[in-house]
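Here's the structure we're looking at; comments come further down.
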Amino acid sequence: MERRSFLKVVGGLTGSLALGVQPALSADKSSSKREVEKVTGLPRRTLGRTGEKVSIVGFPGLALSHYEQGRCNEGIIDAFGKGVNYYDVAPAYGRDGECEIKMGIGLQYLDRDKIFLACKTKMRDKDGALNELDRSLARLKTDHFDLYQLHHIRTPEEVKQALGPGGAMETILKAKEQGKIRFIGFSAHTTKGALEAMNGFRFDTVMFPINFVEMFKRGFGKAVLELAKEQGAAVLAIKPMSKGPWPQGMERTRKWWYRATETQEETNAAMRYTLSQTQVVAGIPPSFLDLLDLAIKAGKIYQPITDTETQQLKETAQTCLSLFQREDERVARGESLHKPVYPDSPYECCPCSYV
């Protein structure tokens, strides 16, 4: 399908932003020997079998919920100028589509053909997914999404509904035929939900929590990475900078439901670990523009994780808590998820859901 522009493009800034973004070929020395290109110093990797090149750090659309429109525009433009071309958002981010609306305005300053735009739907039925898709396209002022994903999968039952007769996948596949969607993926928070989805449909991308705390505490993410490698699916890592939920009694450095790496040194190690995992193409940092900046800086000096750094992260992980253990174990046991897992989590304390 031919790439197309935003429905409305604001001139004046695009030309200056394009300066300095010519790709320079270099090699990622990770075990997979993945070839990458760098744009203003930030590596880009091939997104699995799609053949698309995306920045190894993605723009977290949820971050826009914390700022006024002017600051959102600045953040969107600044990230692009630093080499980011992968922008992620969802209708559930913020209230009443706040983040989609803000991103739709901010992206008008950029060239649509240079952006890899990803969106999602939490709807599991055909009609609900169609309504969300069309609304998201309008809010983001575009005629297509490069990646469209089933959002926040947790249980096998959700997967069966989405993939079954009358499910969201019917809308997604038709939209792909119509050129509204280029590639198909999903995001999940539980191992059982992710594996059920991957065994039910050949997705182009898998969005899943891949970080040092979850992996070293309980091997969370390992099974998903292994199946993704077998299927040739690209993995988009969420929570790469997570240090788990706040321990009881710890003073919170920011108003958010989990801890994140706050220093450049910590961020460098956390991002390096995640980006060194087989099949991981990119990581989405926590939803704050200052943490996005830390992640971009880490991405620009990325090298595969060393044994010494890995050992240090293992030791750090032992001082942290798992963010996904309760949810994952409840689903594994077949228990209901109607009761909150973390009362202060935005997934459960408000009617919107966050990646």
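The values are calculated or read from the model by the stated rules, or taken from the named source; none is laboratory data. None of these values were measured; they are calculated from a predicted model. FYI the Cβ positions are ideal-geometry reconstructions off the backbone, even for glycines, and counts take in every protein chain you see.
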- Of all residues in segment 170-195, how many are part of a helix (DSSP H, G or I) and touching a Lys or Arg at 6+ places or on another chain (Cβ under 8 Å)? 4
- Query: Name the residues in segment 35-83 that are outside any helix (DSSP H, G or I), touching a helix residue (DSSP H, G or I) at 6+ places or on another chain (Cβ under 7 Å) and of a type in the set (A, V, I, L, M, F, W, C), would you?
  - Reply: Leu42, Ile56, Val57, Phe59
- Message: I need the full set of residues from segment 310-329 which are buried (at least 18 other Cβ atoms within 10 Å of the Cβ) and part of a helix (DSSP H, G or I), in order please.
- Response: Leu313, Ala317, Glu327, Asp328
- Query: With (1) touching a residue at least 12 places away in the same chain (Cβ under 8 Å); (2) more than 23 Å from Val206 (Cα to Cα) as the list, and Asp96 as the residue in question, which single condition is left unmet?
  - Reply: (1)
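Yes or no, residue by residue, for (1) of a type outside the set (Phe, Trp, Tyr); (2) within 15 Å of the chain's Cα centre (by Cα):
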position: Leu150; (1), (2): yes, yes
position: Ile153; (1), (2): yes, yes
position: Glu157; (1), (2): yes, no
position: Ile172; (1), (2): yes, no
position: Glu177; (1), (2): yes, no
position: Gly193; (1), (2): yes, no
position: Phe201; (1), (2): no, no
position: Val206; (1), (2): yes, yes
- Name the pairs whose Cβ atoms lie under 6 Å apart, with the first residue in segment 160-185 and more than 15 Å from Glu132 (Cβ to Cβ), the second surrounded by fewer than 19 Cβ atoms within 10 Å (Cβ to Cβ) and of a type in the set (Gly, Ala, Ser), and 6 or more positions between them or separate chains? Leu163/Gly200
- Query: Where in segment 203-287 are there helices (runs of 4 or more DSSP H), lying fully within it, with 3 or more residues that are in contact with a Cys (Cβ under 9 Å, 6 or more places away or on another chain), free of Cβ contacts under 8 Å to residues at least 40 places away in the same chain and more than 26 Å from Gly94 (Cβ to Cβ)?
  - Reply: none
- Message: Take the residues in segment 56-82 that are small (Gly, Ala, Ser) and under 13 Å from Leu110 (Cβ atoms); name whichever of them is farthest from the chain's Cα centre (by Cα).
- Response: Gly81
- Note on the structure: Taking segment 258-288 and keeping residues buried (at least 18 other Cβ atoms within 10 Å of the Cβ), more than 15 Å from the chain's Cα centre (by Cα) and not β-branched (Val, Ile, Thr) leaves Tyr258, Arg259, Ala260, Asn268, Ala269, Ala270, Arg272, Tyr273, Ser276, Gln277
- Query: Which condition number in (1) touching a residue at least 60 places away in the same chain (Cβ under 8 Å); (2) touching a Lys or Arg at 6+ places or on another chain (Cβ under 8 Å); (3) crowded, with 22+ Cβ neighbours inside 10 Å; (4) closer than 15 Å to Phe145 by Cβ is the one that Asp113 fails?
  - Reply: (3)
- With the condition kept exactly as written, say whether any residue in segment 104-117 is part of a helix (DSSP H, G or I), out of contact with any Phe, Trp or Tyr (no Cβ under 6 Å at 6 or more places or on another chain) and at pLDDT below 95. no
